[in-house]
1. So for Thr35, Thr64, what's the accessible-area order with a 1.4 Å probe, most first?
2. Let me check I have the definition right: for the chain, take the eigenvalues of the Cα gyration tensor, multiply each by 5, take square roots. What are those semi-axes in whole Å, largest first?
3. Check Phe105: other-chain or 5+ apart residues with amide H under 5 Å from its amide H, H built from backbone geometry?
4. If you put +1 on each Lys and Arg Cβ and -1 on each Asp and Glu Cβ, how big is the dipole of the stretch 1-134 around its Cα centre, in Debye rounded to 20?
5. How would you classify the stretch 45-132 from its alpha-carbon gyration tensor, with a ≥ b ≥ c the square roots of the eigenvalues: rounded for a/c under 1.5, else prolate if a/b is greater than b/c, otherwise oblate?
6. Putting +1 on Lys and Arg Cβ atoms and -1 on Asp and Glu Cβ atoms, find which of Ile7, Phe117, Ser32 reaches farthest to the positive end of the dipole of the chain.
7. Got a number for carbon plus sulfur as a percent of the chain's accessible area, 1.4 Å probe?
8. Ranking request for peptides 149-155, 23-29, 71-77, 85-91: highest mean number of other beta-carbon atoms within 10 Å first, then the rest in descending order.
Amino acid sequence: MDRLINIDHSIFLYLNNLGAKAFDPFWVMVSSKLTWVPLYMIFLYLIFKNFSKKQSIYILIFITLGVICSDQLANIFKFSVERLRPCHDPLIMPHMRIVECGGAFGFYSSHASNSFFLANFLYIIFNGKIRGFWVLLFPWAVLVSYSRIYLGVHYPLDILFGAGIGGILGGLFANLSKWAARNK
């Protein structure tokens, strides 16, 4: 386990130290939830354009429930695992760039979980309706996730675990949404 943690720390320090002060505002913006409101509005438009009103309502209900689940599950892990964020870890802090810092604990990233939840949910829902939609969804989720390493608030394993949980939840809630729309 110590070897895995050491590798995680090394990868974090490498990626985090690639940053430069001139790019910090860009990555802060990428990490901000408000930045993506226009993209969420496009997703909303595409949902109502491509699905019936009934299906659209179910999709929105399950997106809401799924994001709440994704976000709160990450918080449960953070306070159960109690892994310090890099920006709070005295062993790492002297060697890293700290652009932002959140609460004390960071395992696992709710940003990664929520963005991969939404990416996978929408990929499954739109499968076949919008050709190549994944080309927008998954790079967006990767960009948001990487911003958390750049800013100094998450280790790579926090991101990978969050992305995995979010992707799984996205698949689960997308299929629940489809099932609910068919059976009501």
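The values are calculated or read from the model by the stated rules, or taken from the named source; none is laboratory data. Computed from a prediction, not measured in an experiment: that's the story for all the values here. Every residue, glycine among them, receives a Cβ derived from its backbone with ideal geometry; neighbour counts consider all protein chains shown. Accessible surface areas use protein heavy atoms only, side chains included; no ligands, DNA or RNA. Shrake-Rupley method; radii C 1.70, N 1.55, O 1.52, S 1.80 Å.
1. Ranked from most to least accessible, the order is Thr64, Thr35.
2. Working through the eigenvalues yields semi-axes of 33, 17, 13 Å.
3. Arg85
4. Magnitude of the dipole: close to 640 debye.
5. Since a/c reaches 1.5 and a/b is larger than b/c, the shape of the stretch 45-132 is classed as prolate.
6. Farthest towards the positive pole: Phe117.
7. 69
8. Most protected by this proxy first, the peptides run 149-155, 85-91, 71-77, 23-29.
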